[in-house]
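The structure under discussion appears below in the form of structure tokens.
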Amino acid sequence: MMEALNELLQRSGQGDATAFRQLYDAASPRLFALCKRLLRDEALAEDVLQEGFVKIWHHAAQFAASKASAMTWMTTVVRNQALDKLRQGHSRPAIAGDVEYETLEFASLEPGPDALQQMGEDAQQLMHCLEQLKPEQRECILQAFYHGQTHEELAHSLAKPLGTVKAWIRRGLEQLRGCLQ
């Protein structure tokens with residue numbers, strides 16, 4: 001699957017519209033789920049997904065399979081598009097005070113057998129590297145990247161100083177970078 005996506009993205013970079021349509025059909029469900037998680041608004045998620053695929057089409061020629069898988073590259077493009085939309089402020093939905101989001105103390109990091117089979121080698125390596133982090137670093141990184149929380153929101157929800165949260169994230173990302181290389 002990963003090789004097929006890499007090939008489709010490379011062909012899209014050469015202007016192959018049929019390959020791009022196939023790429024969209026294969027990748028859009030996962031990317032749409034990511035947008036919905038980050039934006040918490042289905043209509044807005046659809047818009048961001050469309051904008052993300054426009055960027056993917058325009059920048060597909062820059063994709064290098066030697067640096068990342070196609071899915072990783074496209075996820076980064078779409079995630080950044082969603083975070084840009086969130087940073088605009090007016091589009092970020094308010095989080096009710098009585099809503100509690102699942103944190104790592106409730107969620108198991110162990111994926112089931114079906115999930116493991118679907119996960120690519122990149123995702124499995126990332127899961128391994130995340131397990132090496134301190135729990136507070138892991139939680140901050142996952143909340144920031146998975147739920148789209150800002151440093152300020154994390155500091156408030158964890159009742160920790162902003163500088164501490166930023167340091168946890170920075171050090172955790174440095175550790176991840178080293179582990180993934």
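The values are calculated or read from the model by the stated rules, or taken from the named source; none is laboratory data. Predicted, not measured: the structure shown is a model, and the values here were computed from it. Virtual Cβ from ideal backbone geometry, glycine too; neighbours counted across all protein chains shown. These accessible areas exclude ligands, DNA and RNA; they are computed on the full protein's heavy atoms, side chains included. Shrake-Rupley method; radii C 1.70, N 1.55, O 1.52, S 1.80 Å.
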Checklist entry - Looking at segment 37-54, is at least one residue on the phi > 0 side of the Ramachandran plot and open to solvent by 40 Å² or more (accessible area, probe 1.4 Å)? => result yes
Item to check | So ARG79, is it touching a residue at least 60 places away in the same chain (Cβ under 8 Å), open to solvent by 70 Å² or more (accessible area, probe 1.4 Å) and not acidic (Asp, Glu) | outcome: no
Checklist entry - So which of GLU46, GLU100, GLU51 is of a type in the set (Asp, Glu) and modelled with pLDDT under 85? => result GLU100
Next on the checklist: Which of the numbered conditions does ARG92 fail, given that it passes all the others? Conditions: (1) over 27 Å from LYS67 (Cα atoms); (2) surrounded by 14 or more Cβ atoms within 10 Å (Cβ to Cβ); (3) at pLDDT 55 or above; (4) of a type outside the set (S, T, N, Q).
Outcome noted: (3)
